[in-house]
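Notes follow once the structure below has been shown.
The values are calculated or read from the model by the stated rules, or taken from the named source; none is laboratory data. Keep in mind that what you see is a predicted model, and the values were worked out from it rather than measured. Because the Cβ atoms are built from the backbone with ideal geometry, glycine has one as well, and the counts that use them run over all protein chains shown.
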Amino acid sequence: MRAYLARYGGGLESLCMQDVDDPGCGAGHVLVDVRAVSLNFRDIMILRGRYPLPVRDTLVPCCDGAGEVVAIGEGVTDPALGDRVMLSVFPRWIGGPFRFDRADQIGGSLNGTLAERISVDADGLAHIPEHLSYEEAAALPCAALTAWNALTGGERLLPGSTVLTMGSGGVSLAALQFAKLLGACVVATTSSDRRAAVLRALGADEVINYRKQPQWAGAVRSCTGGQGCDVIVELGGTGTLEQSMQCLKPDGTLALVGSLAAQPDTLDPALLAGVFRMRRIAVGNVLQFHEMARAVDAHRLRPVIDRVFNFTEAPSAFEYFLNRDAIGKVIIVKDVA
Ligand SMILES: NC(=O)c1ccc[n+]([C@@H]2O[C@H](COP(=O)([O-])OP(=O)(O)OC[C@H]3O[C@@H](n4cnc5c(N)ncnc54)[C@H](OP(=O)(O)O)[C@@H]3O)[C@@H](O)[C@H]2O)c1
């Protein structure tokens, strides 16, 4: 079969398509014919050699994938042959809190989805909601589950709560959609008017342009009547953390997801004396994956897709993703119609 291989830290130059042996399908596993893959910032971190969890030296990259079950290993009762499935990023982390001994991940310590077929733990799969295409399903496992975990994995998010999302990347768009679905008010920050319009169309109640208003925490406080936010889906890291803490409600939750704007030595240590809960997010477990899929199914929610590339164009898809111009997920499919 055809698969892309890349080297950990080898950059985009190391990504090349090769003919490799079909992975087969052992006990407890199923063989999935991969129809669509989506890109995430963690795939770039792996190519740059800056990923916090163990990664193979040479690997099939990408953790997001959706496809059809084409073979079933011994002992597997679900899914069945022909089922449409999407893959959980951490197939061996079934439930409970994150554990390093269950942290094997697709497109990291395990081979990834940028191949024609992949053999995966049957337990780490979810059925694709009927209304979604393979492309849409492939957009969900990493970014959307991370957003779902950030919003629902800690304190209960009540209707009428206020959530702050940052930017218009994959995690933030999903967080906005889920927060609205859960009845929350959403304040979103972004870098441009074009992106602001997309955020508003998805239901953001307030949008703040952080380029025009670099001290955006004050704007967040004032548009929440001085109260601040109940939950912040933090993506900037040390570059935004200080302002996030300034606009988090006392007893609010800061879900620490990413560090896109990381800067050394920017945090006022006095802020750490505040009263809040900080949760470090690691995508989510298989049970949360099923929970999220049920919510997507029940509300006929559709992830935002920016552009679809063909399998042979995967390096161009990575370049496009790296340009950071996309609004929504960048997808790679086996065959573009
Ligand atoms: N902990 C986990 O389990 C987990 C899982 C998934 C992702 N992540 C992390 O979460 C982050 C986002 O992932 P993603 O897949 O959503 O990435 P992405 O799709 O590449 O998101 C990029 C978007 O983030 C915004 N952004 C970029 N630089 C920013 C900055 N300096 N300050 C504020 N916003 C900025 C931009 O939107 P605007 O132009 O609209 O501002 C940009 O379009 C990454 O750091 C990723 O590694 C963590």
Can you tell me which condition residue 2 does not meet? The list is (1) surrounded by 18 or more Cβ atoms within 10 Å (Cβ to Cβ); (2) in contact (Cβ under 8 Å) with a residue 60 or more places away in the chain, and all the others hold. (1)
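Out of the residues in the range 268-287 meeting the condition of being more than 23 Å from residue 249 (Cα to Cα) and more than 13 Å from the ligand (Cβ to nearest atom), tell me which one is surrounded by the most Cβ atoms within 10 Å (Cβ to Cβ).
Of everything passing the filter in the range 268-287, 286 is surrounded by the most Cβ atoms within 10 Å (Cβ to Cβ).
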What tally of residues in the range 243-259 results from selecting those that are crowded, with 17+ Cβ neighbours inside 10 Å and either within 15 Å of the ligand (Cβ to nearest atom) or polar (S, T, N, Q) (or both)? 10
Go over the candidates 50, 35, 42, 56 one by one and state the one that is under 22 Å from the mean Cα position of the chain (by Cα), basic (Lys, Arg), surrounded by 16 or more Cβ atoms within 10 Å (Cβ to Cβ) and part of a loop (DSSP other than H, G, I, E, B). 56
Lone unmet requirement of (1) acidic (Asp, Glu); (2) modelled with pLDDT under 95; (3) within 13 Å of the ligand (Cβ to nearest atom) for residue 155: (3)
Subset of the range 311-337 [in a helix (DSSP H, G or I) and either basic (Lys, Arg) or more than 10 Å from the ligand (Cβ to nearest atom) (or both)]: 311, 312, 313, 314, 315, 316, 317, 318, 319, 320
I'd like to know if the range 178-192 contains one or more residues that are in contact (Cβ under 8 Å) with a residue 60 or more places away in the chain and either closer than 28 Å to residue 104 by Cα or in contact with a strand residue (DSSP E or B) (Cβ under 7 Å, 6 or more places away or on another chain) (or both). yes
Tell me which helices (runs of 4 or more DSSP H) are completely within the range 119-187 and hold 2 or more residues being among the charged types (D, E, K, R), or say none if there are none. 134-138
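Going by the structure shown, is residue 175 crowded, with 24+ Cβ neighbours inside 10 Å, more than 13 Å from the ligand (Cβ to nearest atom) and either under 24 Å from residue 137 (Cα atoms) or touching a residue at least 12 places away in the same chain (Cβ under 8 Å) (or both)?
So residue 175 fails the test.
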Given the condition in contact with a Pro (Cβ under 8 Å, 6 or more places away or on another chain), outside any loop (DSSP other than H, G, I, E, B) and not small (Gly, Ala, Ser), answer yes or no: does some residue in the range 88-104 qualify? no
Considering every residue within the range 210-232, establish whether at least one is more than 22 Å from residue 305 (Cα to Cα), under 22 Å from the mean Cα position of the chain (by Cα), within 13 Å of the ligand (Cβ to nearest atom) and outside the structural domain of residue 326 (by TED's automatic domain parsing). yes
Need the failing condition index for residue 182 against (1) within 13 Å of the ligand (Cβ to nearest atom); (2) out of contact with any Asp or Glu (no Cβ under 8 Å at 6 or more places or on another chain); (3) aliphatic (A, V, I, L, M), just the number. (1)
Elements of type strands (runs of 3 or more DSSP E) in the range 200-272, at least 3 residues being at pLDDT below 95: 248-256
